[in-house]
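What follows is a set of notes on a single structure, which appears directly below.
The values are calculated or read from the model by the stated rules, or taken from the named source; none is laboratory data. Note that this is a predicted model, so its numbers are computed, not measured. Every residue, glycine as well, gets a Cβ built from its backbone with ideal geometry; the counts of neighbours run over all protein chains shown.
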Amino acid sequence: MEYKEVFVQGEASRQSLLNVHHHYGLIAPTIPQHLVASLQGYEGDYSQSTNFPWSEMVCYMLEFEADRVPATYIEHGLKFDFFGTGSRSNGYSGMGGVVACSGGIFVSQQDSLSHFEQDDHSNRPRSYNESMESFNMYLAPIMNRENIKPSVGVIYSSYRNDFLLVSSIKKSWGIGPAGRSSWKLPSGWGFVGSKEPDSDTGWLNVVIEENFSEELTAAARYLRYVDAANAAFKAES
């Protein structure tokens, strides 16, 4: 019998994404409610999106289609709230995540999906779930708001063990080290701080204590949580 892909939209698309995650014992991302009606993809596929004019591959690598990273995505978010999930496999392991912008926050979250390939490393699903737990705890409630222009951008990769925090709040710039300073930001944006493998991230506490904005504080709390989870994963691996 020939297999046919089934296109799904709206709540059926959201449910499909939930089902894929639940099947593998994973925590699914909470999608902004106002974006659910326009969400679309194929039944049983990890990739579901709305207002997403790029390949799902950008969820694995932001530079896949855009030269001005992350400016291209933030500028799109100035016009449209958007949400997308995507994954890729190189035959040995799987990677994927979320690229979204809503409620004043742009986020790119990349994580290992190796357990999709029957990888028996018990910590990998835990690492993914802790990243998504932080997303749902700190970012999702803020992102569940319509028509708020982005003022904060966060780019996190568990498998590269790095992250970048940017904002349009000038007094927040330069609190942490400015790695990836060659990346392109929209006019009026600057680097709050970054992490490279094994670098110090104590500056996130300063961002949280200063409380420059609700969005920036939430992003810093999100990064502090996933950074601690990633450190624990690395220590136990």
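Quick notes on this one:
- When the residues of the range 77-102 are filtered to those that are touching a Pro at 6+ places or on another chain (Cβ under 7 Å) and over 19 Å from SER158 (Cα atoms), the one that is surrounded by the fewest Cβ atoms within 10 Å (Cβ to Cβ) is LEU78.
- Applying the criterion of at least 2 residues that are of a type outside the set (Asp, Glu) and modelled with pLDDT under 95 to the strands (runs of 3 or more DSSP E) found wholly in the range 1-114 leaves 82-89, 94-102, 105-112.
- In the range 59-72, the residues that are under 26 Å from ARG145 (Cβ atoms), in contact with a strand residue (DSSP E or B) (Cβ under 6 Å, 6 or more places away or on another chain) and buried (at least 19 other Cβ atoms within 10 Å of the Cβ): CYS59, LEU62, PRO70
- Put simply, of SER158, SER167, SER199, SER213 the only residue that is of a type in the set (S, T, N, Q) and free of Cβ contacts under 8 Å to residues at least 40 places away in the same chain is SER199.
- The number of residues in the range 173-193 being among the polar types (S, T, N, Q) and modelled with pLDDT of 95 or more comes to 1.
Here is a yes/no grid of residues against (1) surrounded by 22 or more Cβ atoms within 10 Å (Cβ to Cβ); (2) within 17 Å of the chain's Cα centre (by Cα); (3) not charged (D, E, K, R):
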| site | (1), (2), (3) |
| --- | --- |
| ASP162 | no, yes, no |
| LEU165 | yes, yes, yes |
| GLY179 | no, no, yes |
| SER182 | no, no, yes |
| GLY190 | no, no, yes |
| SER199 | no, no, yes |
| ASN211 | no, no, yes |
| ASP227 | no, yes, no |
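- Some residue of the range 190-200 being closer than 19 Å to PHE83 by Cα, touching a strand residue (DSSP E or B) at 6+ places or on another chain (Cβ under 8 Å) and of a type outside the set (Lys, Arg): no
- In this structure, SER213 does not satisfy being of a type in the set (Gly, Ala, Ser), under 19 Å from SER134 (Cα atoms) and in contact with a strand residue (DSSP E or B) (Cβ under 6 Å, 6 or more places away or on another chain).
- Among the residues examined, ILE208 qualifies as touching a Lys or Arg at 6+ places or on another chain (Cβ under 8 Å), of a type in the set (A, V, I, L, M) and modelled with pLDDT of 95 or more.
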